[in-house]
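First up is the structure itself, then whatever we jot down about it.
The values are calculated or read from the model by the stated rules, or taken from the named source; none is laboratory data. In this text, all values refer to a predicted model and were calculated from it rather than measured experimentally. Virtual Cβ from ideal backbone geometry, glycine too; neighbours counted across all protein chains shown.
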Amino acid sequence: MNISKRPRRLRGNDILRKMTRETHLKKEDFVYPLFVQEGNGIKTEIKSMPGQFRYSIDSLVEECSELIEIGIDKIMLFGIPADKDDKGSQASSMDGIIQKAVRILKKVYRDKIYIITDVCLCEYTSHGHCGIIDDKGRVRNDETVDILSEIALTHAKAGADMIAPSDMMDGRIGQIRTNLDLAGYQDIPIMAYSAKYASSFYGPFRDAADSAPAFGDRKAYQMDPGNIREAVKEVELDIHEGADIVMVKPALSYLDVVSKIKQETNIPVAAYNVSGEYAMLKMAVENGIMSLDVINETLLSIKRAGADIIITYFAKEFALKSK
Ligand code: PBG
């Protein structure tokens with residue numbers, strides 16, 4: 001053949017392939033989500049998420065020591081309260097599970113670990129919705145935003161390093177920002193779950209956090225999976241209201257959205273590789289259906305699409321493997 005261009009020339013051996021590789025994963029890219037509950041000495045595996053656990057605070061402290069050692073120093077905390085009610089009162093209690101966990105982790109590890117707290121009501125409400133319900137079963141936006149900004153403030157007071165609202169109410173970023181600023185927490189960044197879709201990929205998480213809605217679904221506040229221009233709108237609003245980082249969630253079925261948001265903004269973009277995406281791959285690997293390499297390939301695809309930050313249950317595994 002008379003061809004001068006031969007792309008295969010650069011694929012000849014591993015050194016050459018590494019030299020010309022465009023995207024690299026590093027431990028610093030990852031945020032590791034963790035579930036914390038009341039009790040002592042508890043580390044219970046989540047059935048639908050093999051390798052992930054619900055920790056009591058003491059076990060969480062232990063786990064974090066290992067994480068810090070292997071270089072996973074950013075965690076995102078989800079709380080499972082002992083009691084739930086229709087207003088999710090435990091979420092904004094200074095003695096709530098998250099507030100206690102953050103206080104203790106910060107006391108033990110100080111700046112060795114960076115704690116991002118998820119701000120939402122669904123784990124705390126008896127009905128499992130992300131806000132206050134009216135008599136027709138709809139989530140009341142403005143009243144919910146008031147509560148969310150209270151929750152965010154208690155997290156900041158407990159010592160959280162960053163606040164991540166995941167509720168998808170309108171106007172919550174602005175009000176949370178104002179509330180934090182008024183109380184003197186101007187330096188606490190907000191990572192907004194901006195383009196959060198109404199996705200079936202959250203199934204295992206709802207099992208882990210016991211937060212599946214008791215009736216209906218979340219389609220009246222989370223985004224429709226068919227939309228991408230609306231993701232740009234949500235992101236623009238959140239940036240306008242004061243978000244420091246914007247997030248796309250889930251990641252894998254929404255890589256086009258990650259890519260678009262990366263192009264349209266100039267602040268860091270996070271992607272959440274959610275529970276269902278984790279479960280799917282983990283179970284395929286455990287059952288010998290695909291090789292372990294599929295995990296790396298998947299995380300790489302999220303980064304290649306444009307994510308600066310990847311929130312993933314694979315973070316620890318990645319760090320252990322690359323040690
Ligand atoms: C709380 C919240 C959810 C997730 C993160 N924050 C659940 C939901 O919206 O139903 C999902 C995370 C995952 O699936 O890994 N609103």
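Here are the numbers:
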read-out	value
Members of region 213-223 that are more than 8 Å from the ligand (Cβ to nearest atom) and in contact with a Phe, Trp or Tyr (Cβ under 9 Å, 6 or more places away or on another chain)	MET223
Subset of region 104-120 [crowded, with 23+ Cβ neighbours inside 10 Å and among the hydroxyl-bearing types (Ser, Thr, Tyr)]	THR117
Answer from MET94, MET76, MET49 - the residue that is surrounded by fewer than 18 Cβ atoms within 10 Å (Cβ to Cβ) and aliphatic (A, V, I, L, M)	MET94
Hits in region 211-241 (condition: among the basic types (Lys, Arg) and closer than 17 Å to GLN263 by Cα)	ARG229, LYS233
Whichever residue in region 128-179 is touching a helix residue (DSSP H, G or I) at 6+ places or on another chain (Cβ under 7 Å) and charged (D, E, K, R) and, among such residues, is nearest to SER199 (Cα to Cα)	ASP167
Residue selected from region 268-310 under the condition outside any helix (DSSP H, G or I) and of a type in the set (Ser, Thr, Tyr), by the criterion farthest from HIS24 (Cα to Cα)	SER291
Region 192-212: number of residues that are within 19 Å of ILE147 (Cα to Cα) and within 12 Å of the ligand (Cβ to nearest atom)	2
VAL235 in contact with a helix residue (DSSP H, G or I) (Cβ under 7 Å, 6 or more places away or on another chain), touching a residue at least 12 places away in the same chain (Cβ under 8 Å), β-branched (Val, Ile, Thr) and away from the ligand (no atom under 15 Å from the Cβ)	yes
Residue within region 282-292 that is within 16 Å of the ligand (Cβ to nearest atom), touching a residue at least 24 places away in the same chain (Cβ under 8 Å), buried (at least 23 other Cβ atoms within 10 Å of the Cβ) and not acidic (Asp, Glu) present	no
Unmet requirement for ILE267, which otherwise passes all of (1) in contact with a strand residue (DSSP E or B) (Cβ under 8 Å, 6 or more places away or on another chain); (2) within 15 Å of TYR313 (Cα to Cα)	(2)
Residue match in region 202-212 (condition: in a loop (DSSP other than H, G, I, E, B), among the hydrophobic types (A, V, I, L, M, F, W, C) and at pLDDT below 95)	yes
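Condition check ((1) free of Cβ contacts under 8 Å to residues at least 12 places away in the same chain; (2) surrounded by fewer than 20 Cβ atoms within 10 Å (Cβ to Cβ); (3) not basic (Lys, Arg)) across all residues:
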{"position": "LEU182", "(1), (2), (3)": "yes, yes, yes"}
{"position": "PHE201", "(1), (2), (3)": "no, no, yes"}
{"position": "ALA208", "(1), (2), (3)": "no, no, yes"}
{"position": "GLY216", "(1), (2), (3)": "no, yes, yes"}
{"position": "ARG229", "(1), (2), (3)": "yes, yes, no"}
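So that you can scan it fast, the table gives a plain yes or no per residue for (1) under 20 Å from SER199 (Cα atoms); (2) within 16 Å of the ligand (Cβ to nearest atom); (3) of a type in the set (D, E, K, R); (4) modelled with pLDDT under 95:
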site	(1), (2), (3), (4)
TYR254	yes, yes, no, no
LYS260	yes, no, yes, no
VAL274	yes, yes, no, no
LEU300	no, no, no, no
TYR313	yes, yes, no, no
